[in-house]
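**Student:** Okay, here's the structure, questions in a sec.
The values are calculated or read from the model by the stated rules, or taken from the named source; none is laboratory data. Everything numeric here is computed off the predicted structure, so don't read it as measured data. We place every Cβ from the backbone using ideal geometry, glycine too, and count neighbours over all the protein chains shown.
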Amino acid sequence: MFGGSGNKFKTAKVDTLIGHSAEVQGDILYKGGLHVDGKVKGNVQADDDSDSMLILSERGMIEGEIHVPNVLLNGEVNGDVHACERVELARHARVNGNVYYNLLEMAMGAEINGSLVHRKPQEKRLLEHKGEPPRNPNATPEAAKS
C-alpha cells in the first residue's frame, strides 16, 4: 500500500471500517482488520496473539493509545503506539506520543513527537507478567526467594 514490494499490508483484510464522517467515543477492542478514516476518541486494542492490524488513513485521527500487533499509520495519533509486530509510518503520519515496535518502516515526511522504542518479541511476554519480576534462568532457588 505505502511501502515496498514486500509489504504484507498490501493484501490486508478489512473487517471493520470507520468512515471519514464518523466519530467514535470510547475504546475499541477488535480482531482482524480495522480501517479508520474518521475520528476515534479512545484506546484501540487488538489481541497481541492475533494477526490483527490497524490502518489509519490520511484523514483519520485517534486520540488514545494503540495496542495492535500490526499498525499502518498515515493520519494523526495523539497517544502511544504499541505494536508487538510491525509499525509502518507513511508520509502523512503524525504521532504525538511514543512508538513501541518490533519492526519499523518510516517514510520520508512522517513525524513522531516522542520516542521510538524497539521491543523484541520476548520483551512482550515479559511485560505480560504484571507484578511478577522476570525470572533469571541462572539464579539459584535460594536467590529467587530473597
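**Student:** Out of all the residues in segment 68-123, which are in contact (Cβ under 8 Å) with a residue 60 or more places away in the chain and buried (at least 18 other Cβ atoms within 10 Å of the Cβ)?
**Tutor:** Of everything in segment 68-123, those that are in contact (Cβ under 8 Å) with a residue 60 or more places away in the chain and buried (at least 18 other Cβ atoms within 10 Å of the Cβ) turn out to be Asn70, Leu72, Asn74, Arg86, Glu88, Ala90, Glu105.
**Student:** Looking only at residues that are touching a residue at least 40 places away in the same chain (Cβ under 8 Å) and of a type outside the set (Val, Ile, Thr) in segment 38-67, which one is farthest from Gly109 (Cα to Cα)?
**Tutor:** Applying the filter and picking the extreme gives Asp48.
**Student:** Cβ-Cβ distance below 7 Å, separation of 6 or more or different chains: which pairs start in segment 1-28 with a residue that is of a type in the set (A, V, I, L, M) and end on one that is at pLDDT below 95?
**Tutor:** Met1/Asn7; Met1/Phe9; Met1/Lys10
**Student:** Specify the residue that is surrounded by the most Cβ atoms within 10 Å (Cβ to Cβ); the eligible residues are those in segment 56-67 that are over 11 Å from the mean Cα position of the chain (by Cα) and acidic (Asp, Glu).
**Tutor:** Glu63
Conditions tested, residue by residue: (1) modelled with pLDDT of 95 or more; (2) among the basic types (Lys, Arg); (3) within 14 Å of the chain's Cα centre (by Cα).
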| position | (1), (2), (3) |
| --- | --- |
| Met53 | yes, no, yes |
| Arg94 | yes, yes, yes |
| Val99 | yes, no, yes |
| Arg125 | no, yes, no |
